[in-house]
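Notes follow the structure.
The values are calculated or read from the model by the stated rules, or taken from the named source; none is laboratory data. Fair warning: this is a prediction, and the values are worked out from it, not measured in the lab. Heads up, the Cβs are rebuilt from the backbone with ideal geometry, glycines too, and the neighbour counts pull from every protein chain shown.
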Amino acid sequence: MNRTSVPTVQRRLLAIELKRLRERSGMTGDDLARQLGWSPSKVSRVENARISISEDDTGKFLDLFDVSPSRRSRLIKLAAHSPTPTSWRHLEPLAQNFLAFLEIEALSTSIRQWSHDFVPGILQTEQYAKTLLDSWRLIDTNLTARQVEERVALRLGRQSILEPPASTTYRVILDESVLMRKFGSNSVMRGQMAKLIDMSARTNIDLFILPLNSTHGVLEAPFVLLNLSGDETPGSSLPYLDSNTADHFVFDDIWAAQLEREFDILHDSALSGDEARELIQKHHDGFAS
């Protein structure tokens, strides 16, 4: 039975995706209610995330629209959301928003990301990740060595979405300062630069570098744009803002649209392909033994 409660991030995202499907088809809420045998108020409450929707009802909803098998599977997994997946039980001390991010990241068909402070976790080497987390222990004195190991393993495990069969499309813009900011030894940095070069050659990954001497109009804090539909048209993404001290999703349409535009502006000023790899190689070579 559906019940009213504080909506989870997953429920809110599912509601947005379902409403988008209906509106793009030209169907009204009343039309949908008649076809599903629901009351108009149930349609409204589902689409506004005021109540949860079961996997069965999600399937019936999707039957009315032209939805690919992969997208259907992703949306039903959102409906089946459990508060804390068993494999993440040891991560419960982490912010709930981050746990939601992990689930939605794993379900996304495409991800866009901007970072100006360090290499994103999904591209980090084991040693780079460990160095970052060890340094954070100077601030968070409750973070144990075992928790550092668990979080390093989590970061490495997340990278599987970039591998077959998922092969999630990933476009990332790094500020050149990321390549220069030293974490750990020269060996750690060379290993991280080498991994960036290797990952940038994959067909599902586009890695861009924003040179320090480039001219651009914005320099927004780091953010991620998550897409479940394989569609990067304006308004189709769920933005996520993350830092060591705070994280949250952006459900405000105006703010989300601004972040999408900012990604496009940064992208237009960034180096790509061989030019980006040449700049990474330059910084790799700069970390001499």
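Does ALA221 qualify as being out of contact with any Cys (no Cβ under 8 Å at 6 or more places or on another chain) and in a helix (DSSP H, G or I)?
Working: out of contact with any Cys (no Cβ under 8 Å at 6 or more places or on another chain): yes; in a helix (DSSP H, G or I): no.
No; evaluated as a whole, the condition is false for this residue.
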Kindly establish whether VAL43 is crowded, with 16+ Cβ neighbours inside 10 Å, at pLDDT 95 or above, touching a helix residue (DSSP H, G or I) at 6+ places or on another chain (Cβ under 9 Å) and of a type in the set (Val, Ile, Thr). yes
I'm trying to understand the selection: among the residues of segment 178-224, which are over 25 Å from SER135 (Cβ atoms), buried (at least 16 other Cβ atoms within 10 Å of the Cβ) and β-branched (Val, Ile, Thr)? ILE205
As an exercise: evaluate PRO234 against (1) modelled with pLDDT under 90; (2) touching a Gly at 6+ places or on another chain (Cβ under 9 Å) and give the number of the one condition it does not meet. (2)
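Let me confirm something: among LEU241, LEU271, which residue is within 19 Å of ASP175 (Cβ to Cβ) and in contact (Cβ under 8 Å) with a residue 24 or more places away in the chain? So that I can check it myself, show each step before the final result.
Details: LEU241 fails: in contact (Cβ under 8 Å) with a residue 24 or more places away in the chain.
Step by step, each of LEU241, LEU271 is checked, and only LEU271 is within 19 Å of ASP175 (Cβ to Cβ) and in contact (Cβ under 8 Å) with a residue 24 or more places away in the chain.
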Filtered residues of segment 237-288 (kept if of a type in the set (Val, Ile, Thr), more than 26 Å from THR109 (Cβ to Cβ) and either at pLDDT 90 or above or part of a helix (DSSP H, G or I) (or both)): ILE280
Against the conditions (1) in contact (Cβ under 8 Å) with a residue 40 or more places away in the chain; (2) of a type in the set (Ser, Thr, Tyr); (3) closer than 23 Å to SER108 by Cα, where does SER160 fall short? Just the number, please. (1)
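Residues that are of a type in the set (A, V, I, L, M, F, W, C), part of a helix (DSSP H, G or I) and at pLDDT 95 or above: does segment 172-179 have at least one?
yes
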